[in-house]
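Encoded as structure tokens, the structure appears first; notes follow it.
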Amino acid sequence: MSRTRSLPNVLVTGTPGTGKSTLCSEISQISGLEWLNIGEIAKAGQLYDGYDEVLECPVIDEDQMVDELEDKMTDGGKIIDYHGCDFFPQRWFDVVFVLRTNNTILYDRLATRGYRGHKLESNIECEIFQTLLDEAKESYNSQIVYELQSNTPDDLEDNIEKISQWINQWKIQNSHQ
Ligand code: DAT
């Protein structure tokens, strides 16, 4: 599938608060990949299918979201971030990065964001049980899934560097096609 793309498609996943949007925004500016923010796309198109009482957030209509993104993903050159990944077609992505954050740091970030009670606890449990890492490994070829620590500004810089290098390497390897 990637043979038809002149630029790769990158997925960044992880528990809410691990730094996905921060990282994607930076990568998008540096690499020229177009950042597709799933939360904003869902809101703009009202692509919802109910409400999650525990996580206190609307539930995305996964089939509608996949239909909405299909053509853009086929073109390549996209970076997507979302706190879930099992409903995206495997063929869409050339690489998957899973952000991981220390529980106490994540707790502070989510509390600052205004998360409380069940919502806060559920998200911390999601990180403790490495739910998104397991989901990514089950949904994609484990050879394209990379775990990245996302605790400090230094980690952010390292991750920007690693992903930029990965994109450059992909371009070199695919330039003959
Ligand atoms: P997400 O998109 O995964 O929900 P975010 O990008 O909104 O997360 O980041 C949550 C908060 O944490 C935000 O205030 C920015 C901060 N942050 C993100 N990555 C960080 C890092 N590596 N070091 C320190 N703070 C970080």
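Read-outs: derived from the displayed coordinates by stated rules, not from any lab. Treat the numbers as computed from the prediction; the structure is a model and nothing was measured. When we count neighbours, we look across all protein chains shown, and the Cβ atoms used for this are built from the backbone with ideal geometry, even at glycine.
Miscellaneous remarks
- Note on the chain: with charges restricted to the Cβ of Lys and Arg (+1) and Asp and Glu (-1), its dipole about the Cα centre is near 540 debye.
- Of the GluC sites (Glu not before Pro) found in the range 1-102, those that fall in a DSSP loop while having at most 14 other beta-carbon atoms within 10 Å are Glu53, Glu56.
- Restricting attention to the chain, close to 15% of DSSP beta bridges with both partner residues there are antiparallel.
- For the chain: relative contact order, % (alpha-carbon pairs under 8 angstrom, 6 or more apart): 34
- Between the amide H of Trp35 and those of Ile79, distances stay under 5 Å, these residues lying 5 or more places away or on another chain, with hydrogens modeled in the peptide plane.
- Part-to-part distance (alpha-carbon centres) for the range 16-59 and the range 100-132, which is given in Å: 17
- Out-of-range pairs (alpha-carbon distance over 25 Å; input Lys137/Lys162; Lys78/Lys119; Lys43/Lys171): Lys78/Lys119; Lys43/Lys171
- Taking 0.36 nm per residue of separation and subtracting the Cα-Cα distance, full extension of the segment from Arg113 to Gln143 would add 7.4 nm.
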